[in-house]
1. Somewhere in region B:733-754, is a residue on the phi < 0 side of the Ramachandran plot and over 49 Å from the mean Cα position of the chain (by Cα)?
2. Regarding residue B:473, is this residue modelled with pLDDT under 95, farther than 30 Å from residue B:296 by Cβ, assigned by TED's automatic domain parsing to the domain that holds residue B:281 and more than 41 Å from the chain's Cα centre (by Cα)?
3. Could you count how many residues in region B:438-468 are in a loop (DSSP other than H, G, I, E, B) and within 25 Å of residue B:211 (Cβ to Cβ)?
4. For region B:370-388, enumerate the residues that are free of Cβ contacts under 8 Å to residues at least 40 places away in the same chain and either in a helix (DSSP H, G or I) or surrounded by 15 or more Cβ atoms within 10 Å (Cβ to Cβ) (or both).
5. Give me a count of the residues in region A:74-85 that are closer than 30 Å to residue B:442 by Cα and within 11 Å of chain B (Cβ to nearest Cβ).
6. Need a quick list: strands (runs of 3 or more DSSP E) entirely within region B:932-995 having at least 3 residues that are in contact (Cβ under 8 Å) with a residue 40 or more places away in the chain and under 23 Å from residue B:758 (Cα atoms).
7. For region B:56-77, enumerate the residues that are surrounded by fewer than 24 Cβ atoms within 10 Å (Cβ to Cβ) and within 13 Å of residue B:98 (Cβ to Cβ).
């Protein structure tokens, strides 16, 4: 269970929030001009990185506001929280702070004896 | 009570208590654990082992216990309780586990003779056939003989959750934890000190290793420290609390037993689950002694050396006056000193180390006290009838001699208790000096102090603590720690000893709880399971409730020897929470039984109860399913009666659970056009429309009726279960995609109670109830609504129907709902009005061919699939899901489409969920799959048509109208011949609806 600092209410337990998947996926302005592939890309495809992930959360059992979060998916560390109206922070802001469980490989986990 | 008592023990009172074990009463002292109480009464045999039903005794004196598991009969009949930590109290009733008919004579022990078939991986190799044997024979047999205690019945325990936010959490109130706490007294840090035992002190109580601290004896020092802590305003102590989990972001879970050593008061909560958030975690949770594998190392009477010492020092009970001691390290001499202090004498001191490696002090002490000393020797094994009787010693010239002894205390060294540290994702490394893994790099703000950090020597302890806590900028402490034994730790690697004897009985165990032998490890490696994680699962090594606390590092040692690798290359298995078993009751907290999920009741609920409603759960709502007219009426009879009466005269349904959302604002019209498939622009004010909501994938998400008051004001209804989802969906798009729209949403589900009244005589009833309203068809046509004032509240009547009959929906303030409901019944009596429940509602709508979202649809159905093309506002530029309706996949004409189905033989009944197929009979033995065309989504016996009607989703169904197909049945291979028809079975011209 992580703590999430809602930009409107302050720090609350994760159980008050709902995750809304990847952030910055913009709904096409004119869906009709898109071909099936491009539309499918918007509807069905989301990235799922290990590490820095831009995602949306909503304070369901609170102010019910949506906001954006940058989270390290391998450690659940929240790197930044910002409002929907704020600009997307550049990834370079976080790469230097990125920390993963000691010796862990970039992909997968497993026995730490082989994590070298 | 006959075992010797250590009079110097400070933690056992003189108050005698009575306990019952396997039906016999024994005396013990207040403060005893079950184990110390039984040892006090010279009871060695406690239970039978998991697989081979071998006799087992008490092996340890703490949380690491693999053997001494008992069932507590007088509490919740709690099984698998560790006798070594559960404290006894007056009247506690305990019984042994996994034995039949009795503990000393157990039929299951035949498994020990059959052990060749129970070797590593036997679950995977045996019981493979013949077919059906698993369910009927193997599984019941295994369940009866292999296992632990009996699960409790009618379990009802209470627990609560408590949150803590602190700066520093100290895990463990032993010497290191107390020293750290003393440093933090009266600082600006909020500190929580968690101790699993009922007393602080840890090693200071458990052994005689430390003599004095700052010139005070250890008991005084602990008392003084506790007083200082309690006086401080920044440190809180939680005793009887075990930290089980160390999560990311320094979030830890600890479990407090609030009735430790007391009879449980069932009116109070027994457990508190502490959820602790902290900035820094200080782990001072110590070490655990490990055993050594030798022949019959599981016999009752084998007990770890430090545990033996703990029974003497902490519990004041001497389990045996002349034990044999077997060690590979320097610390075991303190046990000898504890015994000598009580005028007892070990019958042998067997040390595997070379004579020159053994400390001079140890050698001198043994000689001075005339204790038989066996350097460079090891225990080959032990023998005896359900207890240790003989110990076999192999000396350095490979000669085996035997001595008589009733107890054997091995010590295979110590493991820093790295469980919590690795849960926190810290990395451990192998340390040759202590011959174990110790914490290396912390991943979170975690500090390890004392023996958990691999420091077993008291002389460095203060320096280590001062150094590691220097970042907190607190004062240094340098108390003088005076020890009874030489403080340098030395150990020789020894995991198992060689054995010559090979009888069926002789086994050398590596996991006592799961009955895994060293032979199993070797066999598994031979079979190719040479990765430690695979090996663990194949052999079930260290997978018991003790999680191999005394043995898992030993198995790594043995495996590394076989594979000829370093232990650090073999690696450890992953340590996962919880550290020790955590009951589900504790996790559930207050969310149990009636508190698990709130129940939502409509304002008419009590009337339903009075009128014999049988309720159905719809989400959190309690809805009447059907009304029992008399005691013997079945559900089928009730539903047939309700349906018939509604179509004949009139019926009323409590529809209050229907979700209602009010949509207001300058841009409400544009918003509604985007959210729903329908076009609302040309819709006249004060009319309503059936509408569909899609996901962006084009699949139906919800449906409802939209009332348009004007372009800036709409009221939408949703399905009963879908209301929160639809509301959240609207909010999401308003905030994330269309923040420029000025629209305000308001959930008004509970602000309006809803009645659905329908049937040919409805109009007459409505006229009687609402005398001011003109119900003429021309004045109040289908799909329009009127708002009016009801006792100074806003009320609304809409002409709509979910039955296919003339119908009205009444929306009324909840405070007047019940009186209006009763008024309707007063007038309705003359018109044969019947209350009906959800089952009749479903039947009536199926007769009319109306779909239920979630029954006909399952998240893969588009409006086109259920012939709702007419509801799609094709001229609208955009709405959610529009583009997906022209995807190549959604325009396929062989998609599953909604059809009606009736059996050719009108007396046959079709079951919901059955498959629509082309063949008349299913092949007896299905070798090739039968082609599946679709499934039955709804099926009812229609009382109005007097035969079965079904709705089905069938591939390319639209083209199959009139075709003869078959539907499978739950039993047998003969399918039901059916015809594909239009799904509207009653009034396809909508005459009843609109007149």
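1. No, the conditions are met nowhere in region B:733-754.
2. yes
3. Summing the residues that are in a loop (DSSP other than H, G, I, E, B) and within 25 Å of residue B:211 (Cβ to Cβ) in region B:438-468 gives 5.
4. Selection gives B:371, B:373, B:374, B:375, B:376, B:377.
5. Going through region A:74-85 one residue at a time, the tally reaches 5.
6. Here the list reads B:934-942, B:947-955.
7. B:71
To keep it simple, each residue is scored yes or no on (1) in contact with a helix residue (DSSP H, G or I) (Cβ under 7 Å, 6 or more places away or on another chain); (2) within 30 Å of residue B:156 (Cβ to Cβ); (3) not in a strand (DSSP E or B); (4) not assigned by TED's automatic domain parsing to the domain that holds residue B:19.
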{"site": "B:259", "(1), (2), (3), (4)": "no, yes, yes, yes"}
{"site": "B:264", "(1), (2), (3), (4)": "no, yes, yes, yes"}
{"site": "B:279", "(1), (2), (3), (4)": "no, no, no, yes"}
{"site": "B:309", "(1), (2), (3), (4)": "yes, no, yes, yes"}
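The values are calculated or read from the model by the stated rules, or taken from the named source; none is laboratory data. If you're wondering where the values come from, they're calculated on a predicted model, not measured in any experiment. Backbone-built Cβ (ideal geometry, glycine too); neighbour counts: all protein chains shown.
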